[in-house]
1. By average Cβ neighbour count within 10 Å, what is the ranking of 111-123, 43-55 from highest down?
2. Roughly how many nanometres apart are two label points built 7 Å out from the Cα toward the Cβ at Glu126 and Met85?
3. Order the peptides 125-132, 81-88 from the highest to the lowest mean number of other Cβ atoms within 10 Å of their residues.
Amino acid sequence: MSQCIFIAADTPLLEVTPSQEYPLHIGLDTGTVSDDGAEDHYFLFAFDEVDIYSEKKYGVHLELHHPFTDGLAGQMMDYIRTALMQTDSVEIWNVWLSGFWEFDDRPHISKKIVPIDELTADDIKEIVLAENWNNKDNNWPWFYCLEVI
């Protein structure tokens, strides 16, 4: 199982691919992976399981090959602004992919609502970098949702 960051909305969301190919450098001896800091080296792919986590109908999940940066947060803010031209709200989720929905107990969900004109790069980074297993409860993960209106 693994962490998944996705954006959800009631309108179809566009997939995103990098504007160019970036070489990926893998340092086996140092255990590092680098794409030389390219700000647009991320993907947003269709996320068909959005309805498991959200009441929204459409979703795209974030795939990136480098640490999350302020520049990428800014690009996500632009993406959300564009999506909000077609819908009343957009959610950014950080979840742990698993079969938790199959059990009686639901994971803990921390939700925050922010108007688009108050949204900051720090808001986006807080959701993306949140720890799902942060010792608040050793048995169940925490899910995080930032709803932008």
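1. Numbers: 111-123: 12.5, 43-55: 16.2.
The peptides rank, most packed first, as 43-55, 111-123.
2. About 2.8 nm, to one decimal.
3. On the way: 125-132: 16.4, 81-88: 13.5.
Ranked by mean Cβ neighbours within 10 Å, highest first: 125-132, 81-88.
All of the numbers you see were taken from the coordinates with simple rules; none came from a lab. In this text the structure is predicted, and so the values were computed from the model without any measurement. Neighbour counts run over all protein chains shown; Cβ positions are idealised from the backbone, glycine included.
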